[in-house]
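Below is one structure; the comments refer to it alone.
Derivation of every value follows stated rules applied to the coordinates shown; laboratory data play no part. Just so you know, these numbers come straight off a predicted model, no measurement behind them. Positions of Cβ are backbone-derived with ideal geometry, glycine not excepted, and every protein chain shown enters the neighbour counts.
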Amino acid sequence: MSANHAHEHAESNRLYLVVWGALLFMTVVEVFLAYIQLPTGPMLLILMGLSVVKAGLIVAYFMHLKFEVATLFWCMVPMWVLVMLLLFVFFPDSFRASDLRFP
Amino acid sequence: MQSHGAGEAGAAAWDGGVAPFAIPSKKLGLWLFIVSDAITFAALLIAYSYVRVASVEWPKPFHFYPSIIVSSVMTFCLLTSSITMVMAVAAAKKGQVGSAVKWVFATMGGGLAFVLLHANEWHTLIEEGLRPTGNAWGDTALFGATFFALTGLHMTHVTVGVVVLLVLALGFKNGKYPADYVEIGGLYWHFVDLVWMFIFPLVYLMSAVVG
């Protein structure tokens, strides 16, 4: 959890390549799940879980947020999550919207 | 993450001399843009999910071959352009101008490949009768509306990113821009990649048809 700006360049390049490999691997897993046609519920859960992990890897390593001052993270990410939760407030309505339609 | 951290600009906090985030103001500006853009895309994805769940029928026009395979290749292009962007930023920070410009051009190549494959896919779907107002499969018209809105906004971001990278590469080569600018352009590029990590599963993989 410390800033490694003076890190060995070769080693940090290797870290980025490992992250890249992990992102590609998770993408292949996602495509495989689509191929075997997992049921919608588990499929959505696994896909979104993997996507959040991928987004976290990109933000932490490629965008260097892990190596910035912690204040930056705390000022941006929690408020984004809060906005997401607020957007989901009305989502349950979608489950009954088709029943409410005029025949 | 560092727990300590104010930048040391030599002046007291009350004089405005302290940078609490310890990053250049342009980088902070781009981070704030990214957060607001992330909310925009998230709102669109949630709206897409909402109308999809609320619809009785939802078309599944993406056959595993070619649609899913091609969109997987597009994902590969974007992910790979992210790693070349990382290399460009690392080279720029070390002052290796030639190498940095080369990596930025590789990144642009990945972005262009993505846009071309995507445009071709749009073309195929439009030929099959998909419109923002309806489709030939007789299912809900909202599929076309949400598909074009989501992927169109993302494709616009990629296209803008390619232009921005070109300007940055030329400016950095001429010594007009510092290495920081390459890093800030890279932040935007990685964000565009990140957004695709949600559009790809939600729009494509959830509508895949095998066989």
- Item | Cross-link partners of B:Lys173 among lysines (Cα-Cα below 19 Å; sequence separation of 8 or more within a chain) | B:Lys93, B:Lys94, B:Lys102
- Message: Can you give me the Kirkwood hydrodynamic radius for the protein assembly as shown, using every pair of distinct Cα atoms, in Å to one decimal?
- Response: 21.0
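Exactly which trypsin sites (Lys or Arg not before Pro) in segment A:43-103 are in a DSSP loop and have at most 16 other Cβ atoms within 10 Å? Kindly include the intermediate steps, with their values, before the conclusion.
Working: sites: A:Lys54, A:Lys66, A:Arg96, A:Arg101; in loops: A:Arg101.
Those satisfying the criteria are A:Arg101.
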- Note on the structure: Given backbone amide H placed at 1.01 Å from N, residues whose amide H is under 5 Å from that of B:Phe62, ignoring those fewer than 5 places away on the same chain, are B:Val209
- Message: Quick check: the distance between the Cα centres of segment A:23-89 and segment B:87-147, to the nearest angstrom?
- Response: 20
- So the FRET efficiency between B:Gln96 and A:Val52, C-beta based with R0 = 45 Å and rounded to 0.05, is 0.85
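Calculate the dipole size of the protein assembly as shown relative to its Cα centre from +1 charges on Lys and Arg beta carbons and -1 charges on Asp and Glu beta carbons; express the result in debye to the nearest 20.
Values: 15 positive and 17 negative charges, 72 e Å.
It comes to approximately 340 debye.
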- Message: Take chain B, mark every one of the trypsin sites (Lys or Arg not before Pro) that falls in a DSSP loop and has at most 16 other Cβ within 10 Å, then report the longest stretch left between them, sites excluded.
- Response: B:1-93
- In sequence order, calculated HN-Hα J values of segment B:115-122 (Karplus, 6.51, -1.76, 1.60; Hz; x Gly/Pro): 5, 5, 4, 5, 4, 4, 5, 4
- Going by C-beta contacts inside 10 Å, put A:Cys75, B:Cys77 in order with the fewest on the left. A:Cys75, B:Cys77
- Item | Phi to ³J(HN,Hα) by Karplus 6.51 cos²θ - 1.76 cosθ + 1.60 over segment B:167-173, Hz, x for Gly, Pro | 4, 5, 4, 5, x, 5, 5
- Task: Write down the Kirkwood hydrodynamic radius of segment A:23-67, to one decimal in angstroms, obtained as one divided by the mean of 1/r over all alpha carbon pairs.
- Result: 11.3
- Mean separation of Cα contacts under 8 Å, 6 or more apart, over the residue count of chain B: relative contact order %: 27
- Dipole magnitude of chain B about its Cα centre (Cβ charges: Lys, Arg +1; Asp, Glu -1), debye to nearest 20: 480
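Just rank B:Leu28, A:Leu23, A:Leu15, A:Leu47, fewest to most, by other beta-carbon atoms within 10 angstrom.
Working: B:Leu28 18, A:Leu23 27, A:Leu15 13, A:Leu47 22.
Final ranking by Cβ density, sparse to dense: A:Leu15, B:Leu28, A:Leu47, A:Leu23.
With each run of n ≥ 4 DSSP H residues scored as -39500 (n - 2.57), what mean residue ellipticity at 222 nm is computed for chain B after dividing by its residue count and rounding to the nearest 500 deg cm²/dmol? Working shown, then result.
Working: 5 runs with 139 residues, N = 211.
It lands at -23500 deg cm²/dmol.
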- Note on the structure: Computed ³J(HN,Hα) along segment B:37-51: with the Karplus parameters 6.51/-1.76/1.60, θ = phi - 60°, integer Hz and x for glycine or proline, the list is 5, 5, 5, 4, 5, 4, 4, 5, 5, 5, 4, 4, 4, 4, 5
- Message: For Cα pairs less than 8 Å apart in space and 6+ apart in sequence, what is the mean separation divided by the residue count of segment B:41-159, i.e. the relative contact order in percent?
- Response: 27
- Using modelled backbone amide H atoms (1.01 Å from N, in-plane), which distant-in-sequence or interchain residues come within less than 5 Å of A:Val69's amide H? B:Gln2
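Could you pull out the GluC sites (Glu not before Pro) across segment B:126-211 that fall in loop regions by DSSP (anything but H, G, I, E, B) with no more than 11 other Cβ atoms inside 10 Å?
Filter output for segment B:126-211: B:Glu128.
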